[in-house]
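Since the structure comes first, as structure tokens, the remarks are kept for the end.
Rule-based calculations on the coordinates, nothing more; no lab input. Just so you know, these numbers come straight off a predicted model, no measurement behind them. Cβ coordinates were reconstructed from backbone atoms using ideal geometry, including for glycine residues, and neighbour counts include every protein chain displayed.
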């Protein structure tokens, strides 16, 4: 990979690491049909969360810094 590719990948890892540290998880809503009686429908919405450990965000930040610096040194 060339130096520009390393820098771009490094910046992407920095951004993803920051987002992972700030939000610490992914939240999504699941909708399922409970009752379906002709014109009458009842839906149930359930909010679920996938937690992201802070170590993942920290590792992405460190990896991003390393890639940005290595791309800069080889320039």
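A few comments on the model shown:
- Over all directions, the projected convex hull of the C-alpha atoms in region 3-73 averages 6.6 nm² in area.
- Helix 54-73 vs. the chain, principal-axis angle (Cα, 0 to 90°, nearest 10): 30 degrees
- Helix 3-23 axis versus longest C-alpha principal axis of the chain: approximately 40°, rounded to the nearest ten.
- Cut-off 20 Å (backbone N to label point 7 Å along Cα→Cβ of residue 29), residues of region 48-63: 48-51
- Ranked by the mean number of other Cβ atoms within 10 Å per residue, highest first, peptides 50-59, 31-40 order as 50-59, 31-40.
- Per-residue ellipticity at 222 nm from helix content only, as computed over the chain with -39500 (n - 2.57) for each DSSP H run of at least four residues, stands at -19000 deg cm²/dmol.
- Of the peptides 66-72, 21-27, the ranking by mean beta-carbon count within 10 Å, highest at the top, reads 66-72, 21-27.
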